[in-house]
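Presented below is the structure to which this report refers.
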Amino acid sequence: MHMWGNMGGMWGGGAGFLGMALMFLWWALVVVGVFFLVRMLMGRLPGRGDDPDDRALRILRERYARGEIQSEEFEQKKRELTR
């Protein structure tokens, strides 16, 4: 028999406390990773997770692009929104 005896039941082969702890840690990291990935993707969808300031700037740009407001009014409102 070798120096450590029969400790394979506790530490070897992924069984026992250490194996269970590592498996739990792995799945916790997978779940957290999926959560942040979904959150990041949801923030990139139009109309989802928009900051009210970003939404206001987007509307202002759209109004300027359609010709509803002139450049002076656009610049003034843009300065007000980005304070």
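Residues 73, 80 ordered from highest to lowest accessible area at a 1.4 Å probe: 80, 73. Here r is the Cβ-Cβ distance between residue 42 and residue 18 and R0 is 41 Å; the resulting FRET efficiency, rounded to 0.05, is 0.65. Projected label points at residue 74 and residue 25, each 7 Å from Cα along the beta carbon direction, are separated by 5.5 nanometres. With the simple model of a label 7 Å out from the Cα in the direction of the Cβ, residue 62 to residue 35 spans 3.3 nm.
The values are calculated or read from the model by the stated rules, or taken from the named source; none is laboratory data. Here the structure is a predicted model, which means the values were calculated and not measured. Please note: Cβ atoms are built from the backbone with ideal geometry, for glycine as well, and neighbour counts cover all protein chains shown. The area values use the complete protein model at the heavy-atom level, side chains included, leaving out ligands, DNA and RNA. Shrake-Rupley method; radii C 1.70, N 1.55, O 1.52, S 1.80 Å.
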